[in-house]
Amino acid sequence: MKLILLGPPGAGKGTQAQELERRHHLIQLSTGDMLRATIASGSELGKEVKGIVESGALVPDEIMIRMISERIAQPDCNNGFILDGFPRTTAQAEALDKMLSEKGLKLDHVIEMSVDADVLAHRIGGRYSCAKCGAGYHDEFQKPGVDGLCDHCGSQEFSRRADDKPETVKARLEAYEKQTAPLLPYYRERGQLRSVDAMASIEDVTQEIERIVAVG
């Protein structure tokens, strides 16, 4: 099974990818993780990628495709994979389709995790964590049992990520919509795009994704 998960920051892609990995023995392929692993490998491609990253330049699409091609050829991907963070443009989607076709493969589904931007900004904006043990909380949905005390370690110190501020989240969502919008008609025309309501509960989103992948 070959899948792509599309969705903005905070839509729950990571959570659902973990469920798909567990239920279907797939491998989640994050472009960031792949870049780091490729550099760490010390291969010729790794050296090339390292030079590009250290120069501050963007890794060209052609190299990203080569990196993905090498990764999905590894034995742990025999049962399938989930691409997270790629493609981001129509050109990348076309290059990915071409590479897969050359391997005799094709994507089974592209799953869009649809969100309400205002609600999601509120949801993410309320997140904070224990500065000592990292336990996660929310101003509205998941407060500590005792106000001001971490349930797990008793610390009174908490922190918020700078990029979780509502205004920052909205800017990230707008950038995502602008960047990803062209991908939706591309995959819709190919009959591969499916959409789920990512604002529903985690369990409901999981069930909806399971109904999609069960079609094959």
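A few notes on this one:
- Residues in segment 1-28 that are buried (at least 20 other Cβ atoms within 10 Å of the Cβ) and among the aliphatic types (A, V, I, L, M): 3, 4, 5, 6, 11, 17, 20, 26.
- Filtered residues of segment 162-183 (kept if among the basic types (Lys, Arg) and free of Cβ contacts under 8 Å to residues at least 24 places away in the same chain): 178
- For beta carbons closer than 6 Å, sequence separation of 6+ or different chains, a first residue in segment 143-161 that is exposed (fewer than 13 other Cβ atoms within 10 Å of the Cβ) and a second that is of a type in the set (Asp, Glu), the qualifying pairs are 145/151.
- Count of segment 185-202 residues, restricted to those that are more than 23 Å from residue 19 (Cβ to Cβ) and not aromatic (Phe, Trp, Tyr), is 5.
- Residue check, residue 188 of a type in the set (Lys, Arg) and either touching a Gly at 6+ places or on another chain (Cβ under 8 Å) or surrounded by 12 or more Cβ atoms within 10 Å (Cβ to Cβ) (or both): yes
- Search result, residues across segment 1-19 that are polar (S, T, N, Q) and touching a helix residue (DSSP H, G or I) at 6+ places or on another chain (Cβ under 7 Å): 15, 16
- Only one entry of 155, 129 meets the criterion of being touching a strand residue (DSSP E or B) at 6+ places or on another chain (Cβ under 6 Å), among the polar types (S, T, N, Q), in a loop (DSSP other than H, G, I, E, B) and more than 23 Å from residue 87 (Cα to Cα), and that entry is 155.
- Subset of segment 160-216 that is assigned to a helix (DSSP H, G or I) and among the basic types (Lys, Arg) - its residue that is nearest to the chain's Cα centre (by Cα): 172
- Elements of the type helices (runs of 4 or more DSSP H) sitting completely within segment 1-119 and holding at least 2 residues that are farther than 23 Å from residue 196 by Cβ and of a type in the set (Lys, Arg): these cover 44-55, 61-72.
We did not get these values from a lab; they are worked out from the coordinates using the rules stated. As the structure is a prediction and not an experimental result, all values here were calculated from the model. Please note: Cβ atoms are built from the backbone with ideal geometry, for glycine as well, and neighbour counts cover all protein chains shown.
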